[in-house]
1. Work out from phi, with θ = phi - 60° and the Karplus expression 6.51 cos²θ - 1.76 cosθ + 1.60, the ³J(HN,Hα) of each residue of segment 84-94, listed in order in whole Hz, and give x for Gly and Pro.
2. What ranking do 77-85, 48-56, 114-122, 144-152 get when scored by the average of other Cβ atoms within 10 Å per residue, highest first?
3. With θ set to phi - 60°, apply the Karplus curve 6.51 cos²θ - 1.76 cosθ + 1.60 along segment 109-123 and write out the HN-Hα couplings as whole Hz, x wherever there is a Gly or Pro.
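Here, each number is a calculation from the coordinates, and none is a lab measurement. What you are looking at is a predicted structure, and each value in this text was computed from that prediction instead of being measured. Using ideal geometry, Cβ is built from the backbone for each residue, glycine included, and neighbour counts are taken over all protein chains shown.
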Amino acid sequence: ALSFVGKTECHFCELQCMPKVLKYCAPTADCSDTWQATMNHIALEGGCFVLSAIQFCLRKDYPPPPEYTLSGTDDDLSPDSVACRGGSVIISPLGTVLAGPNYEGEGLISADLDLGEIARAKFDFDVVGHYSRPDLLSLVVKDDPLSSVTFKSGKNEN
C-alpha cells in the first residue's frame with residue numbers, strides 16, 4: 001500500500017504520460033533498462049517524484065508449462081530461474097535515483113522525499129508553464145467540417 005500527502009497519479013504500462021503531479025506511481029512488469037530510462041525521463045519532464053514498482057518473480061511462481069519446448073531460447077527454464085528481475089526505483093524530479101533499482105529479489109525500497117525539489121525542478125524546466133504563453137503559442141481549431149481523406153488522380157498533376 002502506498003500513502004502520500006499531496007496529489008498522486010498512477011498509470012500502468014503503456015499509459016505513462018507527462019504528469020502534472022507531485023508523486024507519480026508507475027507499477028509495471030517491464031524490467032528492461034529502457035524502462036529505467038523512461039522513468040527518469042518522466043521525472044525530469046514532469047518535475048515530479050517517480051515511484052516505479054516492478055515485479056520480481058521466479059518461474060516457479062507461475063503454473064507449470066504445458067508439455068512443449070521453447071525453441072530459440074537459451075534461458076534457464078528451471079523452477080528457481082528468474083522470470084522477471086524486478087528493478088523497482090524511486091527517482092527525484094531532478095533525475096537523481098533515490099532508491100533502487102532493486103534487481104536482487106523481492107524487497108522494499110524507500111526514500112525521503114524533499115518536496116522542495118519539485119519547485120527547483122520547475123524552475124529548471126516547466127513542462128506546462130511555457131505552453132501558457134498565448135503570445136508565443138496558440139492553438140487554432142477549424143470548426144467547419146472537412147474530409148479527412150482526399151483522393152487525387154496522378155493524371156492531371158504537373
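1. 9, 7, x, x, 3, 8, 10, 10, 7, x, 9
2. So the peptides 77-85, 48-56, 114-122, 144-152, ranked by packing, come out 48-56, 114-122, 77-85, 144-152.
3. Taking θ as phi minus 60°, the curve returns 10, 8, 7, 7, 9, 8, 5, x, 5, 5, 5, 4, 5, 5, 5 Hz for segment 109-123.
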